[in-house]
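Engineer: Take this structure first; my questions come after.
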Amino acid sequence: MTARKLTFEIFRYNPEDPESKPHMQEFTLAEEPYMTLFRALNMIREEQDTGLQFDFSCRSAVCGSCGMMVNGRPTLACKTLTSDLADTVRLHPLPAFKLIGDLSVDTGTWFRAMAEQVGAWVHERAPFDPKAVEEPMDDELAAAIYESDRCIECGCCVASCGVANVRPGFVAPAGMNRIARFMMDPRDARSDTDWFDVVSNDDGVFGCIGLMACHDVCPKELPLLEVYAYLRRRALGTAFLKKA
Amino acid sequence: MERIESTDVLVIGGGLAGERCAMEAAAAGLRVSILSLVPPRRSHSCAAQGGMQAALANCFMADGDSPDLHFLDTVRGSDWGADQEVARIFADNAPIAVRELAHFGVPWTRVRSGPNQYHIKGEKVVIDEPAEKAGLIMHRDFGGTAKWRACYAAAGTGHAALYAVDGEVVRLGVNVRDRAEALSLVHDGGRCWGAVTRCLRTGRPGVTLARSTVIATGGYGRIYGKYTTHATINEGTGASLAMDTGLVPLGNMEAVQFHPTGLWPSGILVTEGCRGDGGYLLNRDMERFMVELEPAKQELASRDVVSRHMMQQIIDGKGVNHPAGPHLWLDLRHLGVDHLTTKLREVYEICRDFLGIKPWEELIPVRPTQHYSMGGIRVNKDGEAYSLAGLYAAGEAACWDMHGFNRLGGNSLAETLVAGRIVGQKVAESTRRTRLEIDTSVANEFLDREHARVQSWLNRSGAGQSVYAIRDAIGEIMINKVGIFRTGSDLAEAVEELRVLHDEVDRAVLGCRDPGVNPELSFALRLKGMARLALVAAKGALARTESRGAHCRVDFPDRDDSNWLNRTLVRWGRDDADPAFEYEPVGLLDLPPGHRGYGKASHVEMTESLDAYNEAVIDQQRRHGMRDPGEPVGSALKPGAWRDAEARAGLKAIEAGQSR
Ligand SMILES: Cc1cc2nc3c(=O)[nH]c(=O)nc-3n(C[C@H](O)[C@H](O)[C@H](O)COP(=O)(O)OP(=O)(O)OC[C@H]3O[C@@H](n4cnc5c(N)ncnc54)[C@H](O)[C@@H]3O)c2cc1C
Ligand code: FES
């Protein structure tokens with residue numbers, strides 16, 4: 001069996017180079033068994049153009065480094081098999097984030113700002129006591145918290161979000177998921193009224209216009225639709241309480 | 001354009017060890033900066049799935065567990081290469097570290113009271129978990145331990161821990177500079193004062209001066225090229241930075257752990273569980289070679305034994321060809337779709353996502369790969385580096401040394417947090433006592449040196465090899481000759497070949513000279529360090545004429561406590577021609593050397609008495625550069641506390657439980 005010839009059309013632009021202009025560049029590669037975009041992009045860089053910028057770290061879909069647009073859809077490059085793609089593959093950087101170069105974007109700054117905005121840590125009730133046995137927690141609840149803690153901050157949902165692309169302060173689906181994660185955690189001392197200020201404005205849940213592309217693109221298959229519904233319910237509930 | 005900034009504490013590395021350490025210093029009111037190649041949450045700590053060892057003794061199969069038993073397992077596991085006082089500090093503090101993570105929000109899997117069904121050695125067992133333990137942190141079996149001890153958050157322990165700790169880092173307002181790399185340490189020969197840095201967004205150099213500097217850069221698996229379960233960023237730069245000073249020694253760089261089933265060609269870890277559940281290994285001729293070679297245990301023989309036979313198959317030409325190199329097959333087809341999509345769900349997902357296959361229909365390509373680096377920057381029990389004040393190291397980058405020559409699964413995540421806490425406190429104390437007293441001209445000298453290094457790469461032309469070709473060649477030598485099973489002749493060849501490659505680095509030529517970060521240049525700046533680490537690992541392995549833990553010399557199969565109950569130390573300044581090797585005692589011995597309880601039973605007994613050995617430890621270690629810790633060496637040891645630990649553990653209870 002002869003290997004398929006793959007053509008990659010890759011977005012190129014190096015903001016640090018005054019000569020560089022955004023353009024698409026073509027590379028070709030012979031396909032290999034079990035080839036992922038991790039291997040393909042590294043082969044292109046190592047054999048054809050050593051200046052090509054992209055990000056991988058874990059190459060096992062757990063670190064969230066490698067989000068990019070594959071044929072117009074945001075996804076993790078490391079778990080994209082070339083065997084699932086047509087002969088020609090178009091690669092762009094994720095929109096909504098600042099471009100570092102080529103396929104590499106600055107997700108670190110965005111996620112740190114979001115973490116600060118939503119207070120993405122357990123707001124403690126009391127200081128840690130090293131001598132005490134841990135507080136018991138029902139395993140069902142632990143499992144539920146784990147489920148929403150699974151977000152790897154790859155930015156695919158942010159890139160797919162119509163609002164996040166035009167409103168920089170919007171917490172976006174990843175931010176809403178974080179809020180829900182801490183809201184359901186009984187160790188967090190924040191009350192519904194504390195949360196109301198975070199959630200109930202145009203940078204929070206009310207900023208969402210309900211396109212829900214995020215739900216379909218999430219590489220970790222987080223139930224973002226449910227997260228959104230849960231937050232809206234909670235926010236509306238608090239709004240009623242406030243009025244009453 | 002070039003800038004010098006200052007802070008109180010500089011932490012190089014944003015994984016669990018670095019961040020936990022940074023938290024401690026920030027909570028003490030110090031200004032802390034973290035440098036990380038990637039946003040901290042993308043550090044390799046996030047990839048650990050299995051669990052974190054801590055003797056909480058919460059579930060039935062953990063009943064009677066104690067830090068004393070954890071200490072015993074750790075020291076035995078290390079094949080007596082560990083510093084036993086550090087193993088003791090670790091075992092005593094691991095429960096605190098795990099509970100503290102619960103406080104920070106880690107959703108640990110919890111004990112469910114009443115009847116629970118578990119898989120124990122391939123069999124279904126029902127065990128009643130007592131009501132009074134309901135909701136406490138659950139344990140699972142992780143191999144090599146007397147009790148179930150690994151605490152876990154479903155299938156994402158490292159992820160959950162890293163996110164919780166990073167949340168605290170954000171809460172404390174720690175300054176995190178992601179996409180920033182430390183290129184060299186700034187020091188005045190006696191004290192470390194920060195690092196020369198490079199921004200990985202723009203390529204711009206800078207200096208961060210600090211009263212204390214911590215290296216927490218993780219492991220150096222990538223010196224094994226693609227033959228590693230490590231992330232692409234685990235290139236051992238932290239160890240290189242320390243070694244470059246010529247002052248700080250690295251410890252036990254030859255102590256490297258391997259895993260039999262790395263997925264091919266990516267190297268992603270495939271859990272032991274699939275062999276535990278009955279998976280077969282096949283060669284290109286579809287022969288189940290383990291049946292013939294290990295009739296008793298077959299595929300269930302220990303990690304090292306399985307890895308060795310697999311390597312031999314590949315060397316004998318019985319591997320399956322792939323453009324990236326030969327591999328073997330893992331056959332799970334007979335386990336069936338139900339088992340694979342439930343009990344081995346993670347394996348199924350790996351097959352689906354990274355191979356595009358259904359493991360109940362097709363074979364899985366695997367081969368042995370590097371998995372953990374026991375060696376690293378040699379530090380005292382406070383985490384302070386030998387021979388250079390103000391420099392600390394923690395986590396996989398350090399040789400603190402609780403792992404000796406073999407790390408137990410689940411002990412390394414726990415180490416990052418225990419060490420992070422303890423070293424962070426020591427850093428905070430000593431930083432408060434220190435004033436920043438460094439001439440900016442010294443800092444500028446270090447900056448100029450790095451600048452010159454960058455320029456030399458950019459200006460070089462000629463017919464040299466590519467940096468990637470050199471990297472690959474180093475990886476091939478390391479896996480084939482400094483790998484799982486080692487011989488004097490292979491190692492001697494490796495040393496020679498690595499030396500050639502090491503010199504080749506200075507002639508290598510870049511293809512890209514674009515302004516900005518230039519990914520090829522970024523890698524090139526690390527390559528010399530990687531070659532140096534590879535060379536000292538190979539030389540250390542050649543010199544150590546015994547087998548201990550993961551260091552397995554076919555030509556010297558016995559552990560030799562009369563000659564080698566010691567730790568390798570190597571110093572090699574960037575401008576020195578050759579590395580210098582020395583050996584120090586492993587530390588105070590509390591548990592006398594004996595049989596590990598698994599693996600080979602024979603060893604050469606020590607000739608010295610325990611007392612005579614212990615008598616000399618402190619002086620010798622001082623002579624090798626150990627700086628005096630805050631509390632005297634030995635103060636945390638609790639001599640003999642392990643003595644009745646096994647009796648206390650109530651083994652009978654376990655048997656009763658299993659028979660239900
Ligand atoms: C696949 C896999 C599974 C594992 N599973 C388990 C498990 O179940 N249980 C267990 O106990 N252990 C496990 N381990 C081991 C454990 O995960 C690691 O030992 C541990 O997480 C290392 O943490 P660390 O903080 O020392 O380093 P890392 O998490 O690797 O962090 C290193 C940090 O240093 C930064 N860095 C590196 N070089 C530089 C530089 N020059 N300048 C600036 N920053 C730099 C990186 O950006 C990163 O932030 C596993 C390891 C692997 C590979
Ligand atoms: S490289 Fe880590 S998620 Fe793809």
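We did not get these values from a lab; they are worked out from the coordinates using the rules stated. Worth saying up front: this structure is predicted, and the values here are computed from it rather than measured. Every residue, glycine as well, gets a Cβ built from its backbone with ideal geometry; the counts of neighbours run over all protein chains shown.
Engineer: Evaluate the Debye formula for the range A:5-92 with equal point scatterers sitting on the alpha carbons, no solvent, and hand back log10 of I(q)/I(0) at q = 0.11, 0.19 Å⁻¹, in q order, two decimals.
Structural biologist: -0.29, -0.87
Engineer: What list of ³J(HN,Hα) values in whole Hz, one per residue of the range A:144-152 in order, does the Karplus curve 6.51 cos²θ - 1.76 cosθ + 1.60 (θ = phi - 60°) give from phi, with Gly and Pro shown as x?
Structural biologist: So the J values, rounded to whole Hz, are 5, 5, 4, 3, 8, 7, 6, 3, 9.
Engineer: In percent, how large is the relative contact order of chain A, given Cα pairs closer than 8 Å and 6 or more residues apart?
Structural biologist: 17
Engineer: Per residue, how big is the convex hull around the C-alpha atoms of chain B? Give it to me in cubic angstrom, could you?
Structural biologist: 150
Engineer: So if I place +1 on the C-beta of Lys and Arg and -1 on the C-beta of Asp and Glu, and nothing else carries charge, what would the dipole magnitude of the protein assembly as shown be about its Cα centre? I want it in debye, nearest 20.
Structural biologist: Rounded to the nearest 20 debye, it is 1280 debye.
Engineer: I've got another one for you. Partner chain Cβ atoms within 10 Å, averaged over the residues of A:114-127 - can you pull that number for me?
Structural biologist: Partner-chain Cβ atoms within 10 Å, mean over residues of A:114-127: 4.
Engineer: Further question: Amide H neighbours of B:Tyr392 under 5 Å, counting only residues 5+ apart in sequence or on other chains, H built in-plane at 1.01 Å?
Structural biologist: Long-range HN contacts for B:Tyr392: B:Thr213, B:Val214, B:Ile215, B:Ala385.
Engineer: On average over all directions, what projected area in square nanometres does the range A:107-243 have, based on the convex hull of its Cα atoms? Kindly include the intermediate steps, with their values, before the conclusion.
Structural biologist: On the way: hull surface 36.3 nm².
Averaging across all directions leaves 9.1 nm² for the Cα convex hull.
Engineer: Which order do the peptides B:132-140, B:277-285, B:504-512 come out in when sorted by mean C-beta neighbours inside 10 angstrom, highest first?
Structural biologist: B:132-140, B:277-285, B:504-512
Engineer: Output the DSSP H helices from chain B with an along-axis C-alpha extent of no less than 30 Å and a mean Kyte-Doolittle hydropathy no less than -1.0. Before the final figure, lay out each step's value.
Structural biologist: Values: long enough: B:411-433 (33 Å, -0.22); B:519-543 (36 Å, 0.83).
For chain B, where a helix must reach 30 Å along its axis and average at least -1.0, the hits are B:411-433, B:519-543.
Engineer: Would you work out which of A:Ile44, A:Thr7, A:Leu91 lies farthest towards the positive end of the dipole of the range A:5-92? Charges go on Cβ: Lys and Arg +1, Asp and Glu -1.
Structural biologist: Of the options given, the answer is A:Leu91.
Engineer: Let me confirm one metric for peptide B:47-57, namely the mean number of other chain beta-carbon atoms within 10 Å of its residues' beta-carbons.
Structural biologist: Rounded to a whole number, the mean comes out at 1.
Engineer: Want the number for A:Glu221 to A:Ala126: 0.36 nm per residue separation, take away the alpha-carbon distance, what's left?
Structural biologist: Contour length minus the Cα-Cα distance gives 30.8 nm.
Engineer: Report, in whole Å, the centroid distance computed from the Cα atoms of the range B:464-493 and the range A:175-215.
Structural biologist: First find each Cα centre; the distance between them is then 52 Å.
Engineer: Points 7 angstrom from Cα along the Cβ direction at B:Glu476 and B:Thr440: gap in nanometres?
Structural biologist: Those two pseudo-labels are separated by 5.0 nm.
Engineer: How many percent of the alpha carbon pairs in the range B:153-245 exceed a separation of 21 Å?
Structural biologist: Distances greater than 21 Å cover 48 percent of the Cα pairs.
Engineer: Taking every Cα atom in chain A, find the radius of gyration and the maximum pairwise distance Dmax, and write them in Å.
Structural biologist: 20.9, 72
Engineer: In whole angstrom, note down how far apart the Cα centers of the range A:1-78 and the range B:361-436 are.
Structural biologist: Value for the Cα centre distance between the two parts: 34 Å.
Engineer: Taking Cα centroids, how far is the range B:273-318 from the range A:85-119 in Å?
Structural biologist: After rounding, the separation between the Cα centres reads 43 Å.
Engineer: Moving on. What does the convex hull of the Cα atoms come to per residue for the range B:224-283, in Å³?
Structural biologist: Values: hull volume 6.5 nm³, N = 60.
Here the figure is 109 Å³ per residue.
Engineer: Still on this structure: Suppose R0 equals 22 Å. What FRET efficiency, 1/(1 + (r/R0)^6) with r the Cβ-Cβ distance, do A:Thr7 and A:Glu47 give to the nearest 0.05?
Structural biologist: Step by step, r from the Cβ atoms, then E = 0.90.
Engineer: Under 5 Å between amide hydrogens, which residues at least 5 positions from B:Thr197 or on another chain qualify, with H placed 1.01 Å from N in the peptide plane?
Structural biologist: B:Leu183, B:Gly206, B:Val207, B:Thr208
Engineer: Using packing as a proxy for protection, rank B:174-181, B:419-426, B:491-498 so that the peptide with the highest average count of other Cβ atoms within 10 Å comes first.
Structural biologist: Result, highest mean Cβ count within 10 Å first: B:419-426, B:174-181, B:491-498.
Engineer: Restricting things to alpha carbons, tell me how big the range B:471-607 is in terms of Rg and Dmax, in Å.
Structural biologist: 18.4, 61
Engineer: If you don't mind, another one. Any idea what % of Cα-Cα pairs in the protein assembly as shown are farther than 52 Å?
Structural biologist: I get 11 percent for the Cα pairs in the protein assembly as shown exceeding 52 Å.
Engineer: Which whole number gives the average, over all residues in A:183-193, of C-beta atoms from other chains lying within 10 Å of the residue C-beta?
Structural biologist: Counting other chains' Cβ atoms within 10 Å and averaging over A:183-193 gives 1.
Engineer: Still on this structure: Could you go through the range A:45-51 in sequence order and give the Karplus-derived ³J(HN,Hα) for each residue, using 6.51 cos²θ - 1.76 cosθ + 1.60 with θ = phi - 60°, rounded to whole Hz, and x for Gly and Pro?
Structural biologist: After applying 6.51 cos²θ - 1.76 cosθ + 1.60, I find 5, 6, 10, 10, 8, 6, x Hz.
Engineer: Which pairs in the list B:Lys226/B:Lys528; A:Lys21/B:Lys528; B:Lys124/B:Lys147; B:Lys318/B:Lys343 are over 28 Å apart, alpha-carbon to alpha-carbon? The partial results should precede the final answer.
Structural biologist: On the way: B:Lys226/B:Lys528 17 Å; A:Lys21/B:Lys528 33 Å; B:Lys124/B:Lys147 18 Å; B:Lys318/B:Lys343 31 Å.
The pairs that break the limit, which is 28 Å between Cα atoms, are A:Lys21/B:Lys528; B:Lys318/B:Lys343.
Engineer: How tilted is helix A:107-118 with respect to the longest principal axis of chain A? Cα atoms for both, answer in degrees (0 to 90, nearest 10).
Structural biologist: Long axis of A:107-118 versus the principal axis of chain A: about 10 degrees.
Engineer: Here is a follow-up. Taking θ as phi - 60°, what are the ³J(HN,Hα) couplings along the range B:322-332 by the Karplus curve (6.51, -1.76, 1.60), each to the nearest whole Hz, with x for Gly and Pro?
Structural biologist: Residue by residue, the range B:322-332 yields 8, x, 8, x, x, 9, 10, 10, 9, 10, 10 Hz.
Engineer: Report Rg(Cα)/(2.2 N^0.38 Å) for the range B:396-443, keeping two decimals. Could the numbers behind the result be given before it?
Structural biologist: Details: Rg = 15.7 Å, N = 48, 2.2 N^0.38 = 9.6 Å.
Scaled against compact globular proteins, the figure is 1.64.
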